[in-house]
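Notes for the one structure printed next.
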Amino acid sequence: DGSLFTGAVGFIETEFRLNEFELGWAVTSMAVASTVSIFISGPLADRFGRRTVLRLATCMFVVSALLAAVSENLATLIAARLMSGLGVGAVLVTAPMYIAEISPPAWRGRMVSFDQLFIVLGILVAFLSNWFIVRIGGAAEWNWRWMLGIGAVPAIPYFFALLVVPESPR
């Protein structure tokens, strides 16, 4: 989401006629919510289970991406970014925990490293998707909506994958 948003910033600034403070808040709101989520996700994952927290985070990704894409004002966009940040923080904490707990001891380090690798690959795919959206053209005022809305696409199969993976032994 953060990488998708970087491609949309210029379009959003123009669309909503944002001043510097509003633009800064639109950009950083996700990081603020993510920071808060990092502190609360561990205890929630302990109480309700890793998969449950990951599923909830994934639902937040889908809803926040779609809400951001249809935002008609800055307040709605910020609400979507805050929701996305809650999901990001939850996944950043819970996914490595889950992976480490279900992996055989000899594979734990490698498996958690793959998590990091896929985060970086996701960032690359987000930048490429933004580039592609701008490249294919269309109405410039819709580019940012596609950039933010497309974030729901990887979250949907991720959610369904979470329905079939085992619960963590912890």
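The values are calculated or read from the model by the stated rules, or taken from the named source; none is laboratory data. Since the structure is predicted, the reported quantities are computational estimates derived from the model, not experimental observations. A quick note on method: Cβ atoms are made from the backbone with ideal geometry, for glycine too, and the neighbour counts reach across all protein chains shown. We work out accessible area using only protein heavy atoms, side chains counted, and drop any ligands, DNA or RNA first. Shrake-Rupley method; radii C 1.70, N 1.55, O 1.52, S 1.80 Å.
If packing is taken as the average count of other Cβ atoms within 10 Å, what order do 44-56, 109-121 fall into, highest mean first?
Descending packing order for the listed peptides: 44-56, 109-121.
Using per-residue counts of other Cβ atoms within 10 Å, averaged over each peptide, order 19-30, 65-76 from highest down.
Values: 19-30: 15.0, 65-76: 16.7.
Per-residue Cβ counts within 10 Å, averaged per peptide and sorted highest first, yield 65-76, 19-30.
Just grab the label-to-label distance for Asn19 and Val134, each label 7 Å out from Cα along the Cβ direction, in nm (one decimal).
2.8 nm
So if I restrict to the alpha-carbon atoms in the stretch 3-68, what is the Rg, and what is Dmax, the biggest pairwise distance, in Å?
14.9, 44
Residue by residue through the stretch 117-123, which ³J(HN,Hα) values in whole Hz follow from phi under the Karplus form 6.51 cos²θ - 1.76 cosθ + 1.60 (θ = phi - 60°), with glycine and proline marked x?
For the stretch 117-123, the Karplus-derived couplings read 4, 5, 5, 5, 5, x, 4 Hz, x marking Gly and Pro.
Per residue, how big is the convex hull of the stretch 127-170 when only Cα atoms are used? Give it in Å³.
89 Å³
Quick one: helix 50-69 against the long Cα principal axis of the chain, what's the angle to the nearest 10°, folded into 0 to 90?
10 degrees
Taking only protein heavy atoms into account and a 1.4 Å probe, give the accessible area per residue of the stretch 41-137 in Å².
Working: 5180 Å² over 97 residues.
Heavy-atom accessible area per residue stands at 53 Å².
Along Cα→Cβ, 7 Å out, is where each label goes; now give me the distance between the ones at Thr76 and Arg47 in nm to one decimal.
Result for the modelled spin labels: 3.2 nm.
Provide Rg and Dmax in Å for the stretch 60-133, with only Cα atoms included in the calculation.
15.6, 50
Would you work out what percent of the accessible area of the stretch 35-108, with all protein chains in place, is carbon or sulfur (probe 1.4 Å)?
75 percent
Putting +1 on Lys and Arg Cβ atoms and -1 on Asp and Glu Cβ atoms, find which of Ser103, Leu66, Asn130 reaches farthest to the positive end of the dipole of the chain.
It is Ser103, whose Cα lies furthest towards the positive end.
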